[in-house]
Each structure stands twice: as structure tokens, then as C-alpha cells.
Amino acid sequence: MSSYLFRIGEIVTWNSEAGYVTGRIQAIHTEPFLVNGYQHHASVTDPQYEIVSLKTGHIAYHKESALEKNS
């Protein structure tokens with residue numbers, strides 16, 4: 001798992017419709033998965049990160065390209 005850009009527990013930021021959101025990575029998905037009937041595409045070479053918003057507790061799923069390390 002060391003080849004991933006981000007790690008579980010790390011704080012990241014992403015741009016949403018409502019502006020920038022900060023959250024903590026709680027899982028890394030490396031296989032396709034369903035959430036509320038929606039198929040998320042993920043693989044070992046293109047994982048999706050499960051992130052919980054620090055402000056609202058909402059869970060979001062994003063690929064590495066959408067995330068920035070929070071400094």
C-alpha cells in the first residue's frame with residue numbers, strides 16, 4: 001500500500017460544489033464498490049479514497065487526482 005499517494009488517517013482537501021472541503025481518509029478502495037446503488041470505479045492502480053469531512057461528517061469518495069495534502 002506504500003505506492004499510494006495518500007494514507008489512511010491523513011488529512012486532505014478537495015474542491016466540491018460548495019467550495020474546498022477538508023477531511024480524513026478512512027479507507028482506500030482498490031476494487032469497484034457500491035454505495036447507495038452507485039457503482040464507484042476503483043482499482044489497485046487507480047484507487048478511490050473514502051474520506052470523512054472534518055466539518056460535517058459526510059463521507060465522500062475521490063480519486064488521487066482530486067485530492068491535495070493538507071499542510
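Name the residue that is nearest to PHE6 (Cα to Cα), counting only residues in the range 19-64 that are among the small types (Gly, Ala, Ser) and at pLDDT 95 or above. Steps first, answer last, please.
Of all residues in the range 19-64, those among the small types (Gly, Ala, Ser) come to 19, 23, 27, 37, 42-43, 53, 57, 60.
Adding the requirement that they be at pLDDT 95 or above leaves 23, 27, 37, 42-43, 53, 57, 60.
Values: GLY23: 12, ALA27: 10, GLY37: 26, ALA42: 15, SER43: 15, SER53: 16, GLY57: 19, ALA60: 15 Å.
Restricting to residues being among the small types (Gly, Ala, Ser) and at pLDDT 95 or above, the top hit is ALA27.
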Quick one: count up the residues across the range 1-59 that are part of a loop (DSSP other than H, G, I, E, B) and either of a type outside the set (Gly, Ala, Ser) or exposed (fewer than 11 other Cβ atoms within 10 Å of the Cβ) (or both). 27
Tally time: how many residues in the range 4-18 are farther than 17 Å from LEU54 by Cβ and at pLDDT 95 or above? 0
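The values are calculated or read from the model by the stated rules, or taken from the named source; none is laboratory data. All values derive from a computational prediction rather than experimental measurement. With ideal geometry, Cβ positions are generated from the backbone for all residues, glycine too; neighbour counts draw on all protein chains shown.
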